[in-house]
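Derivation of every value follows stated rules applied to the coordinates shown; laboratory data play no part. This structure is a prediction, so every number in the text was calculated from the model and none was measured. Neighbour counts are summed over all protein chains in view; Cβ atoms, including those assigned to glycine, are modelled from backbone coordinates with ideal geometry.
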Amino acid sequence: MSRAAALKPEDVPADCKLTPDAFTRAIGFTPNMMSTFAQSPIAFNAWAALLASLSKALGMKTRDSIGLAVSEVNGCNYCLNVHCFTAEHMAKLPANEIILARKGHAIEPKRDAAVQFARKVIESRGRVSEADLQVVRDAGYTDANVMKIIALVAMYSLTNFLNYVFDPEKDFPVVPLADSV
């Protein structure tokens with residue numbers, strides 16, 4: 001049961017409306033997580049600015065794969081539902097690649113390096129080894145790209161934590177738990 005009510009569309013503060021409205025246009029509805037998060041315009045808009053800034057970083061398949069890996073490590077079912085939906089319908093990842101991403105991998109070698117690195121960042125709380133960093137660099141990622149991966153890990157973790165604390169009502173198709181994939 002949700003610990004905070006999602007705002008009705010008419011109650012979302014005006015300075016928060018752009019992001020939920022964009023999602024409504026893209027997927028047909030405003031996710032409950034956003035309607036809940038919008039209760040704090042400062043926090044919501046900080047997240048929305050990060051989301052907008054990173055929306056072109058590293059390609060959609062890589063971003064969604066990182067979101068799946070991070071949400072799996074954090075055990076956030078709400079975000080797993082969201083990322084499985086967007087990975088399938090927007091990034092056009094087939095089911096086997098979605099499962100692979102949840103396990104911290106990808107079929108394409110370069111994307112695999114990014115997803116593995118993201119998983120190591122979240123599992124180690126950023127305390128990756130020099131060897132971990134070198135692997136992602138050797139795959140063709142610049143330090144600026146590595147910083148984008150870290151920013152994506154942080155952004156996805158923020159929504160994972162928000163969903164844990166407030167437990168918004170699930171509004172995406174439910175995916176099986178990690179043990180089942």
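Recomputing P(r) over Cα pairs in 10 Å bins from 0, in percent from the coordinates shown identifies the correct label among [x] 9, 35, 37, 16, 3, 0; [y] 9, 40, 39, 11, 0; [z] 10, 38, 36, 14, 2, 0 as [z].
Ranked highest first by average number of other Cβ atoms within 10 Å, how do 61-70, 31-40, 18-27 line up? Walk me through the intermediate numbers first.
Numbers: 61-70: 28.2, 31-40: 22.3, 18-27: 14.7.
The packing order, highest mean first, is 61-70, 31-40, 18-27.
Kindly provide the helix-only [θ] at 222 nm of the chain, computed as the sum of -39,500 (n - 2.57) over DSSP H runs of four or more divided by all residues, to the nearest 500 deg cm²/dmol? Walk me through the numbers on the way to the answer.
Details: 9 runs with 115 residues, N = 181.
Value at 222 nm, helices only: -20000 deg cm²/dmol.
Under the definition of Cα pairs under 8 Å and six or more residues apart, what whole-number percent is the relative contact order of the range 12-54? Mind showing how you got there, number by number?
Numbers: 25 pairs, mean separation 17.2, N = 43.
Worked out over the range 12-54, it gives 40 percent.
Compared with the dominant principal axis of the Cα atoms in the chain, helix 143-166 is inclined by about 40°.
Highest-first packing order for the peptide set 118-126, 8-16 is 118-126, 8-16, based on the mean count of other beta carbon atoms within 10 Å. Working from Cα pairs under 8 Å separated by at least six residues, relative contact order for the range 110-160 is 40 percent. Of the residues 156, 168, 58, the one whose Cα sits farthest toward the positive end of the charge dipole of the chain, with +1 on the Cβ of Lys and Arg and -1 on the Cβ of Asp and Glu, is 58. Relative to the longest principal axis of the C-alpha atoms of the chain, give the angle of the C-alpha long axis of helix 41-54, reported between 0 and 90° and rounded to the nearest 10°. Orientation of helix 41-54: about 40 degrees from the principal axis.
Sort out for me the Cα centre separation of the range 109-181 from the range 47-84, rounded to whole Å. The range 109-181 and the range 47-84 have Cα centres spaced 8 Å from each other. Magnitude of the charge dipole for the range 1-109, about its Cα centre and with charges confined to Cβ atoms of Lys, Arg (+1) and Asp, Glu (-1), is about 100 debye. Within the chain, 16, 84 have no other Cys Cβ under 4.7 Å of their Cβ and so lack a disulfide-compatible partner by this rule.
Taking 8 Å as the Cα distance limit and 6 or more residues as the minimum spacing, I'd like the relative contact order of the range 60-180 as a percentage.
Working: 140 pairs, mean separation 41.9, N = 121.
The normalised contact order for the range 60-180 reaches 35 percent.
Determine the dipole magnitude for the range 60-180: charges of +1 sit on the beta-carbon of Lys and Arg, -1 on that of Asp and Glu, nothing else is charged, the reference point is the Cα centre, and the result goes in debye to the nearest 20.
Values: 14 positive and 15 negative charges, 49 e Å.
Here the size comes out at about 240 debye.
With respect to the chain, whose longest principal axis is taken over its alpha-carbon atoms, helix 60-74 is tilted by about 80°.
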